[in-house]
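A.B. asks: Below is a structure I'd like to ask you about.
Every read-out reported here was derived from the displayed coordinates using simple, explicitly stated rules and does not represent laboratory data. Keep in mind that what you see is a predicted model, and the values were worked out from it rather than measured. Quick reminder, even Gly has a Cβ in these numbers, built from the backbone with ideal geometry, and neighbours come from all protein chains shown.
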Amino acid sequence: MITVIGLGFVGLTTALGFSDKGYNVYGYDIDQKKQDELRKGSIPFYEPYLEEKLTEHLNENFTIIDDLQEAVNNSEVIFFCVGTPSEKDGGAYLGYILDAIKSVTAHIRKPHFKVLVIKSTIPPSSTSGIIKQYIENLGFKIGVDIGLTNNPEFLREGYAWYDFMNPDRIVIGQEEDKGGQIVGKIYQAFNAPIYRVTLNTAEFIKYLSNTLLSTLISFSNEQSLIARSIGNIDIKNAFQILHLDRRWFGTPANMTSYVYPGCGFGGYCLPKDTMALVRQSLKNSYSPELLKSTLKVNETIKEFVVSDVAGKVNKEEKIGILGLSFKPNSNDIRGTQAKAIIEGLIKKGYKNIIAYDPMAIEEFKAAYNLPIEYSSNLKSLLSSVDHVVILTAWDEFIKNEESIRKKNVFDYRYIYN
């Protein structure tokens, strides 16, 4: 048995989706009027397919209940799908979740192990930093009396039923294995990849998804304002032609390779063209704040790399720099992140720096003339250094993970697990 607390857009989709997979599901909502309406087979909002599925499963394997005691007694897993509205300062209000948890835990009798699943969208560290402590203050020990997990939803309004029944991935944040295993077993019926991660990671993945979308929308709107400031630009046509770029469609070097952290963008085109468009916009009396922030973050990430290394490595120790080209499979060192990072380390007093790149050593040496050593191969570099700083994601570095990991590794390209 499964109980779903909160029967709004996410909760009702979740409850009916599990019912459709053959699970027996209790549904509960604090809003009695909503419950009464659902019992009549009517949904208080529009979402394709949900009303038909409600009619199909209501009073069969989906039961709307008033008595939480019955639901909690009979359920092993309880999903929380209650609202987390914005507070005045922009933070997420967690009061409804905490109230729901208090109501549910009042009916949990030890030693009956129940798994609480936070499906509501809450900021990273909320489950581990607030909800866990709240539950333990109520007298329960996580992992012993109660399992605590976070299971973010990725439902699009208008496509919620399809998205729930055909997930591209299922994310389960867990405090301990037992709870994660139980929730993972429920989701096996959906035949989708299941990722069990830390509580904070699960929450972050949801925000990563939503903030990317909001950034892309604002990027597009800012570009339209730039175009208007310049004039004589067919904005609609320009974006439609942008969408024809093969990188959207899963070819080599697709868009996912750009939506991935590293140590900044470099090369000839991206820095030059971004700066030029900012300048052109300013000349036309429009300040493109998102593009200006893009350039600022690109400098900030390089400053972070320098500070991170400097905070953990003594100046007398030898540092190996892996990667000098601005990206793998290229010997292009124009605008390469390695230059600024090496210069930053030198400025902080690091003099024992040895660099290696499969293709770009001579180009880098000739272009920048920095007071560092160069190694002709990876093996030689590793035999000479105490620390390794990965700045370019060359396949050679991925294939030699075992050897490289024998050193203290700063993996700023996130090529290793």
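A.B. asks: If you line up the long axis of helix 337-347 against the longest principal axis of the chain, both from Cα atoms, how many degrees apart are they, to the nearest 10?
C.D. replies: The angle comes out at about 70 degrees.
A.B. asks: Enumerate by residue number the GluC sites (Glu not before Pro) in the range 315-391 meeting two conditions: DSSP loop (anything except H, G, I, E, B), and at most 14 other Cβ atoms within 10 Å of the site's Cβ.
C.D. replies: Here the GluC sites (Glu not before Pro) that fit, given the DSSP loop and packing criteria, are Glu316, Glu317.
A.B. asks: If you take every DSSP beta bridge fully contained in the chain, what fraction is antiparallel? Give it as a percent rounded to 5.
C.D. replies: Looking only at bridges with both residues in the chain, the antiparallel portion is about 5 percent.
A.B. asks: Between Val297 and Asp99, what length comes free when the chain is fully extended (0.36 nm per residue of separation minus the Cα-Cα distance, one decimal in nm)?
C.D. replies: Details: separation 198, 0.36 × 198 = 71.28 nm, distance 3.93 nm.
Fully extending the segment from Val297 to Asp99 adds 67.4 nm.
A.B. asks: Now for a separate question. In nm, give the distance between the simple-model label positions of Arg109 and Ala367, each being 7 Å from the Cα along the Cα-to-Cβ direction.
C.D. replies: Using points 7 Å along Cα→Cβ, the separation is 7.2 nm.
A.B. asks: Here is a follow-up. Find how many whole Å separate the alpha carbon centroid of the range 317-350 from the alpha carbon centroid of the range 22-39.
C.D. replies: 59 Å
A.B. asks: Compute the length gained on full extension between Leu270 and Asn329: take 0.36 nm times their separation in residues and subtract their Cα-Cα distance, giving the result in nm to one decimal.
C.D. replies: 19.5 nm
A.B. asks: Still on this model: Please go through the range 336-417 and write out the trypsin sites (Lys or Arg not before Pro) that DSSP classes as loop and that have at most 11 other C-beta atoms within 10 Å.
C.D. replies: Lys406
A.B. asks: Return the whole-Å distance between the Cα centroid of the range 246-301 and the Cα centroid of the range 375-394.
C.D. replies: If you average the Cα positions of each part, the centres end up 29 Å apart.
A.B. asks: Count neighbours as other Cβ atoms within 10 Å of each site's Cβ, and list the trypsin sites (Lys or Arg not before Pro) in the range 154-256 that are DSSP loop with at most 12 such neighbours.
C.D. replies: Those that pass, being in a loop and sparsely packed, are Arg156, Arg169.
A.B. asks: Would you mind checking Lys114/Lys185; Lys34/Lys102; Lys40/Lys110 for any pair whose Cα atoms are more than 24 angstrom apart?
C.D. replies: Violating the 24 Å limit, Cα to Cα: Lys40/Lys110.
A.B. asks: Next question. Pairs of alpha-carbon atoms within less than 8 angstrom and 6+ residues apart define the contacts here; what relative contact order does the range 299-411 have, in percent?
C.D. replies: Once divided by the residue count of the range 299-411, the mean separation gives 33 percent.
A.B. asks: Per residue of the range 316-330, in order, report the coupling 6.51 cos²θ - 1.76 cosθ + 1.60 (Karplus, θ = phi - 60°) as ³J(HN,Hα) in whole Hz, putting x for Gly and Pro.
C.D. replies: Calculated HN-Hα couplings, in order: 7, 6, 8, 10, x, 9, 9, x, 10, 6, 6, 7, x, 6, 7 Hz.
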